[in-house]
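Written out below as structure tokens is the structure these notes cover.
The values are calculated or read from the model by the stated rules, or taken from the named source; none is laboratory data. On a predicted model such as this, the values are computed, not experimentally measured, just so you know. Counting neighbours? That spans all protein chains shown, and the Cβs are built from the backbone with ideal geometry, glycine included.
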């Protein structure tokens, strides 16, 4: 998921990321979760066997809604979904889940 950031919101976005996710990554059915920050975007990567369903479940959990509201103050447009253009797994134990990024 790609979030376009307001020019003056990059440091706020970095602070939000530093707080950690508003959900327990251990209990989510994810293999990996990463957040990248550029000078114009926050990029959230969710990976796992069924990352789309895992993210849907996370978003149904009301405890994440306040954090989502804080992120909304940083946005300079609607979030976008990115598609995987390339993925390279090192081994069969780390296969790409499918051809979509989440």
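Please verify whether residue 21 is within 28 Å of residue 85 (Cβ to Cβ), under 13 Å from the mean Cα position of the chain (by Cα) and at pLDDT below 90, treating the condition exactly as stated. Full working, then the answer.
Details: within 28 Å of residue 85 (Cβ to Cβ): yes; under 13 Å from the mean Cα position of the chain (by Cα): yes; at pLDDT below 90: no.
Against the criterion (within 28 Å of residue 85 (Cβ to Cβ), under 13 Å from the mean Cα position of the chain (by Cα) and at pLDDT below 90), residue 21 does not qualify.
The set of residues from region 1-29 being within 19 Å of residue 67 (Cα to Cα), in a loop (DSSP other than H, G, I, E, B) and in contact with a helix residue (DSSP H, G or I) (Cβ under 7 Å, 6 or more places away or on another chain) comprises 22, 23, 28.
I'd like to verify a number: residues in region 65-74 that are outside any helix (DSSP H, G or I) and surrounded by 14 or more Cβ atoms within 10 Å (Cβ to Cβ), how many?
From region 65-74, those outside any helix (DSSP H, G or I) are 73-74; that's our starting set.
Those still in the list that are surrounded by 14 or more Cβ atoms within 10 Å (Cβ to Cβ) too: 74.
Going through region 65-74 one residue at a time, the tally reaches 1.
For region 1-30, the tally of residues that are crowded, with 17+ Cβ neighbours inside 10 Å and more than 16 Å from residue 72 (Cα to Cα) stands at 3.
Looking at region 32-64, which of the residues that are assigned to a loop (DSSP other than H, G, I, E, B) and modelled with pLDDT of 90 or more is farthest from residue 5 (Cα to Cα)? First the steps, then the outcome.
So in region 32-64, the residues assigned to a loop (DSSP other than H, G, I, E, B) come out as 38-40, 48-50, 61.
From the residues that got through so far, the ones that are modelled with pLDDT of 90 or more too are 38-40, 61.
On the way: 38: 9, 39: 8, 40: 5, 61: 24 Å.
In this case the residue turns out to be 61.
Here are 45, 55: which of them is closer than 17 Å to residue 87 by Cβ and surrounded by 15 or more Cβ atoms within 10 Å (Cβ to Cβ)? Spell out how you get there, then give the answer.
Working: 55 fails: closer than 17 Å to residue 87 by Cβ.
Testing whether each residue is closer than 17 Å to residue 87 by Cβ and surrounded by 15 or more Cβ atoms within 10 Å (Cβ to Cβ) leaves just 45.
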